Amino acid sequence: MNRTLGAAMALALSAVGVGVVAPTAAQAAPRCFPIYYIGHYTSPYHSIESEADLFCEDDPGGYYPLPAKVEKLNVATGVWTVVATGSGYAFYSCVGTATTTYRTGTGARHKSVTAACG
C-alpha cells in the first residue's frame, strides 16, 4: 500500500471513529527465555535430574515446561546418548559411581555436570 492511500484510509477511519490502537507496555508480549538446569543428587535417590522451563517476565504464570532430557557422554567414543526425557523434568537413576558427564542438550543455555554417577 502506498503512503497516500494509507494516509487516506487512516483519515477515513478516524472520521468514522475507528482506528488502530498501539499496544501499551502492559499489553506487549512478555519477554521469554529458556532455563535449563542439571544436577547430581545422592539423597533421596542417587540420580541426575534435569529441568527445562520457559520463563516469561511480566507473566503471572511465569514458568512453562519445555522438553527436558539427560544426555550421557561415552568418553571412549565421544557420543552423547539420551538416557532420560520428560516434560519440564527428566530423571536418570545412577548405575554405579564411575565419573561421568551429563548434559541437558546442546546450545549456549544448556548445562552439564560431571559426577560420580555411572
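Provide a single number: the residues in region 85-118 that are outside any strand (DSSP E or B), more than 14 Å from Ala68 (Cα to Cα) and within 23 Å of the chain's Cα centre (by Cα). Steps first, please.
If we filter region 85-118 for residues that are outside any strand (DSSP E or B), which is where we start, we get 88, 94-98, 104-111, 117-118.
Okay, now just the ones that are also more than 14 Å from Ala68 (Cα to Cα), so 94-98, 108, 117-118.
Subset that is within 23 Å of the chain's Cα centre (by Cα): 108.
Within region 85-118, residues that are outside any strand (DSSP E or B), more than 14 Å from Ala68 (Cα to Cα) and within 23 Å of the chain's Cα centre (by Cα) number 1.
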> Cβ-Cβ below 8 Å, separation at least six or inter-chain, first residue in region 95-118 and at negative phi, second assigned to a loop (DSSP other than H, G, I, E, B) and basic (Lys, Arg): which pairs?
Replying inline: Arg103/Lys111; Thr104/Lys111
> Which one is surrounded by the most Cβ atoms within 10 Å (Cβ to Cβ) among residues in region 49-79 that are among the aliphatic types (A, V, I, L, M) and in contact with a Gly (Cβ under 7 Å, 6 or more places away or on another chain)?
Replying inline: Ala52
>> Just to be sure I understand, how many residues within region 29-68 are farther than 12 Å from Tyr102 by Cβ and among the polar types (S, T, N, Q)?
In response: 2
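Read-outs: derived from the displayed coordinates by stated rules, not from any lab. From a predicted model like this one, the values you see are computed outputs, not experimental measurements. Virtual Cβ from ideal backbone geometry, glycine too; neighbours counted across all protein chains shown.
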